Amino acid sequence: MAVKYNTNMNPPTLIVLRGLPGSGKTTVANLLSCIPGAVAVSADSYPGRYDIDVTNGIVYNHTEGTKALDWCEQQTAYFLRRRVPCVIVDNTFISRESVEKYETLALIHNYRFMVLKVEGKFKSVHNVPDDFIQQCREKYEPWE
């Protein structure tokens, strides 16, 4: 089955959602992905990102982080090559370098590039441990 995208978004747009775990990035990505022709990509969707623990249920596996981020970048590049009109990437993007990779992808594929900082303060729906969130907070680099 062929997938058809709404091609009215001109120029096509790559939207990067950045923020700490628990800020609401996944919620915003889910809302934006309702735009006709939009797809959402997240390292959280990487197979192996979560483990099943008998005591704690589903737990976040941060040891798979690098693989998950590489996979997310590859998925994003795939959608850009396919000329999907709106690609939304939902990751923490702690470092400037991590954002710049996606800015480069947007330039290569002639996409408009937008960075949206999500700053809500919720409990992480991905069960990210508090100590890991604190590490992210300490390393967070401004983009603006």
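Here residue 138 passes the criteria (1) touching a helix residue (DSSP H, G or I) at 6+ places or on another chain (Cβ under 9 Å); (2) closer than 16 Å to residue 20 by Cα; (3) modelled with pLDDT of 85 or more; (4) acidic (Asp, Glu) except the one numbered (1). In the set (1) in a loop (DSSP other than H, G, I, E, B); (2) on the phi < 0 side of the Ramachandran plot; (3) modelled with pLDDT of 95 or more, the condition left unmet by residue 92 is number (3). Of the residues making up the range 70-86, just one is touching a residue at least 60 places away in the same chain (Cβ under 8 Å) and under 10 Å from the mean Cα position of the chain (by Cα), namely 76. Exactly one residue among 99, 39, 59 is at pLDDT 85 or above, under 26 Å from residue 132 (Cα atoms), over 10 Å from the mean Cα position of the chain (by Cα) and not in a loop (DSSP other than H, G, I, E, B), and that residue is 99.
The values are calculated or read from the model by the stated rules, or taken from the named source; none is laboratory data. Just so it is clear, the model here is predicted, and its values are computed rather than measured. Methodologically, a virtual Cβ is constructed for each residue, glycine included, from the backbone with ideal geometry; neighbour enumeration extends over all protein chains shown.
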